[in-house]
Amino acid sequence: MNLTHLLRLIAIAVAIALVIIFFSACAVGGDATLPGSGETRAYEVKNDSNTWSLKEVTPWPQPTPTVTESVPVPGPTVTESVPVPGPTVTVTPTPPAPPPGVLSQGSPTRSSGFSFGYDSFKAVDGSTQTGLWRGVAYTNQWLAVDLGAVYNIQRVWLDFRSDTTYAYQFKVEGSNDYATWTLFSDRTSNLALAGTTTLSYSTAKQARYIRVTITRLMTNLTTTPTQASFYPGIWEMQVVGYQLDGTPIAALDLPVVPVSNGLYNVKEFGAVGDGYRDDTQPIEDAMAKCAEDIEADAQALAALLTLPVFLLGT
């Protein structure tokens, strides 16, 4: 045996010894499931003095898995507008005002005074042919009419005496009890010729009594206005309106007052005089009738003038 072979044998022996030493000190460990246990546990296999044993060991603590919980992040609060049913509101449209009617015609009247033959009732009889009311002083003359009940008043129409010569300064008032008066219209500073004056009220006034007070008459209107020395008067006054419950006023059917002075009342020919209806035709018919009478009278006079003198008497 040479030296090389000897060294090779020594190396093999050393290797075998190292293997034995290694296995005598090694241990096998790990998770395993034993038959019938149904559980996975940690076991260690050891070789103590060439004796192999299997024993359970305490496993290394496993790190607790981090559980990330999804927490909803609150967003902006959204408030939904839900309509809340309220009470049902029924809107009743305001009915239009009924056709107005003349309330004053033929109604009782009072006045501050009147000149002989110019009674106050003539200002509300529906005709300017029957005469007019005329006061007894230059200032503060008044005329009042009793409508008989409280009405909605829409307008007051006035036809003044000598309305193309003087400026009438006046006021119109209303009352429910003839004690407390409410001002409806104030023309006490008027310097314009009165003419036929219409006072309209967009919102109806309520009154039973209507009073027109003529404070004074003015003259010299184009130069220096001065108070006139003239008795004021009203040919005709009409108060127009309707009943409080909205019932329209029926057309007036007043008896025709015969005129003793030979003049015709246009009501005999169908005139109404309510401020709304057109009375042109009745007026024309009345004028035509007057013309016929005049012609007939002229013919009668002419025939009379041709009679023999002895038939006329001495």
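Using modelled backbone amide H atoms (1.01 Å from N, in-plane), which distant-in-sequence or interchain residues come within less than 5 Å of Ser111's amide H?
Long-range HN contacts for Ser111: Ala144.
Restricting attention to segment 115-189, which chymotrypsin sites (Phe, Trp or Tyr not before Pro) occupy a DSSP loop and are surrounded by at most 11 other Cβ atoms within 10 Å?
Numbers: sites: Phe116, Tyr118, Phe121, Trp133, Tyr138, Trp142, Tyr151, Trp157, Phe160, Tyr166, Tyr168, Phe170, Tyr178, Trp181, Phe184; in loops: Phe116, Tyr118, Tyr138, Tyr166, Tyr178, Trp181.
Of the chymotrypsin sites (Phe, Trp or Tyr not before Pro), the ones in loops of segment 115-189 whose Cβ has at most 11 other Cβ atoms within 10 Å are Phe116.
Read-outs throughout are calculated quantities, based only on the coordinates presented, and are distinct from any laboratory measurement. Just so you know, these numbers come straight off a predicted model, no measurement behind them. Quick reminder, even Gly has a Cβ in these numbers, built from the backbone with ideal geometry, and neighbours come from all protein chains shown.
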